[in-house]
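Heads up, the thing below is written out as structure tokens.
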Amino acid sequence: MFLGVVGLAHFYLWHRMVRSTTGPGRLRKALTWGLVGMVLLVAAAFAGSRVAWGHWLAWPGYLWVAVMFYLVVILVVLEIPRAVAALLLRRAVPRGATPEPEPVPVLAGAGGPAEDEPVAPAPPEAAPMSRRLFLGRATAAVAGVGALGTVGYGMTTALGDPVTERVGVVLPKLDPRLSGLRFAVVSDVHLGPLTGLRHTERIVRMINGLEADVVAIVGDLVDGPVAELGPLARPLKNLESSYGAYFVTGNHEYYVSGGPGEWIEELAELGVRSLRNERVEIRHQGAVLDLAGVNDVGGADAGEPPDFGKALGGRAAGRSTVLLAHQPVQVAEAARHGVDLQLSGHTHGGQLAPFNVVVGLQQPVVSGLATVDGVPVYVTRGAGFWGPPVRVGAPPEVTMLELRA
């Protein structure tokens, strides 16, 4: 499906960036084969992300995905003004009309030719550019500049420091003694071939600067096996909080060969506890809060589906519960189990606007705080990126979330 979409996108780019800007000849053939090469590069980049040397293909491949995406978006937006411009040009200069050459006066004498001598024709001028070529090249130039500028800005955002979001959530049933309990929420770190050790160190440093009571890592921490990415995760052992750091699986943990099991063990050695369809008690100022976590929905294919009954059943009456669940869509089941607050990630806030519109068709919340089925849900945009190292309209974030009675 993915390769099919990529293929259609490249065919559209060929139509607008090659066919509409060149005539038949070597240049058109060269550009055509160049786009074919880009299709192969994208396929190789995604396949190569599973192997140690894949980062050599990942950088150019993923960056081209971002450029391709914005070229398509901008060109689609320009289709209407391009059609209007073509119509105006067609009315201004009727098709097939050629201006008649003005007569050149010839004076006899004064060194000029005699009246009966033939006058040599003026050298032919270059043929004027056709309306099709003019519009095609103008449109392609605008799209190219716009796409490159957008991707350049998005790279600066994605590879820079995450922003710190501070959010207060009022829970009507919360014990007043728990008011002020602080969660550092982070998701979608996506340790992988395009990230380095500094990426993890920066996130840990930002979390520690929040001086949170609980650290909640809500999935998609890694994009590869421990053998390859273990060193990138080691800074997590330096996480600081009053009551510990907790993790739930995301869909990407189930893409790792062998499933998330080896990462669960690795995180335990780093001091991060995984909540796999279970809950723990957070005791704060003499009061107790239930902190629960469920597996991602992607765990169903691996025989580890989310089990809300196991994680949330048999709770003490009147005790507030905060649920860690990677995907916002899991709130539908959480609401049936009386959860007071759900913390999620997964969406990246869309990562590449206007892709956030598409994400909104699948998830009830794209980013930020919202209420779904009576349950407050906070969705972090994530601290990393997946695929292209580009974020547009959805800067990476680390969240300080404070509970209030």
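The values are calculated or read from the model by the stated rules, or taken from the named source; none is laboratory data. None of the values given here were measured: they were computed from a predicted structure. Note that each Cβ is placed from the backbone with ideal geometry, even for glycine, and that neighbours are counted across all protein chains shown.
In a residue-by-residue description of the stretch 358-367, the property of being within 27 Å of Gly180 (Cα to Cα), touching a residue at least 40 places away in the same chain (Cβ under 8 Å) and surrounded by 16 or more Cβ atoms within 10 Å (Cβ to Cβ) applies to no position. Of the residues making up the stretch 222-235, at least one is among the hydrophobic types (A, V, I, L, M, F, W, C), touching a Pro at 6+ places or on another chain (Cβ under 9 Å) and closer than 23 Å to Ala311 by Cβ. Annotation note: of Arg50, Arg95, Arg91, Arg82, the sole residue that is surrounded by 11 or more Cβ atoms within 10 Å (Cβ to Cβ) and at pLDDT below 90 is Arg50. Scan the stretch 321-367 for residues that are assigned to a helix (DSSP H, G or I) and farther than 21 Å from Tyr254 by Cβ and jot them down. Ala335, Arg336, Gly349, Gly350, Phe355, Asn356, Val357, Val358, listed by residue number.
I'd like to know if the stretch 171-178 contains one or more residues that are assigned to a strand (DSSP E or B), of a type in the set (Lys, Arg) and touching a residue at least 60 places away in the same chain (Cβ under 8 Å). No, that holds for no residue.
In the set (1) within 14 Å of Asp188 (Cβ to Cβ); (2) of a type in the set (Val, Ile, Thr); (3) crowded, with 24+ Cβ neighbours inside 10 Å, the condition left unmet by Val377 is number (1). Taken together, the residues in the stretch 368-383 that are assigned to a loop (DSSP other than H, G, I, E, B) and either at pLDDT below 95 or more than 19 Å from the chain's Cα centre (by Cα) (or both) amount to 2. Only residues that are more than 31 Å from the chain's Cα centre (by Cα) and either of a type in the set (D, E, K, R) or surrounded by fewer than 22 Cβ atoms within 10 Å (Cβ to Cβ) (or both) were counted across the stretch 292-319, and they come to 9. Cβ-Cβ distances below 6 Å connect the following pairs, each with a first residue in the stretch 25-46 that is in a helix (DSSP H, G or I), a second residue that is modelled with pLDDT under 95 and of a type in the set (Gly, Ala, Ser), and a separation of six or more residues or different chains: Leu41/Gly61; Val42/Gly61; Ala45/Ala58; Ala45/Gly61. Residues in the stretch 148-172 that are farther than 18 Å from Phe385 by Cβ and under 19 Å from the mean Cα position of the chain (by Cα): Leu148, Gly149.
What do you reckon, is Gly387 in a loop (DSSP other than H, G, I, E, B), modelled with pLDDT under 95, more than 30 Å from Arg202 (Cβ to Cβ) and not hydroxyl-bearing (Ser, Thr, Tyr)? Against the criterion (in a loop (DSSP other than H, G, I, E, B), modelled with pLDDT under 95, more than 30 Å from Arg202 (Cβ to Cβ) and not hydroxyl-bearing (Ser, Thr, Tyr)), Gly387 does not qualify. One residue alone among Val145, Val119 is modelled with pLDDT of 85 or more, surrounded by fewer than 14 Cβ atoms within 10 Å (Cβ to Cβ) and not assigned by TED's automatic domain parsing to the domain that holds Ala325, and that residue is Val145. Taking the conditions exactly as written (assigned by TED's automatic domain parsing to the domain that holds Val170, in contact with a Lys or Arg (Cβ under 7 Å, 6 or more places away or on another chain) and not small (Gly, Ala, Ser)), does His348 satisfy them or not? Yes; evaluated as a whole, the condition is true for this residue. Could you say whether any residue in the stretch 263-275 is at positive phi and touching a residue at least 60 places away in the same chain (Cβ under 8 Å)? Scanning the stretch 263-275 turns up no residue that is at positive phi and touching a residue at least 60 places away in the same chain (Cβ under 8 Å).
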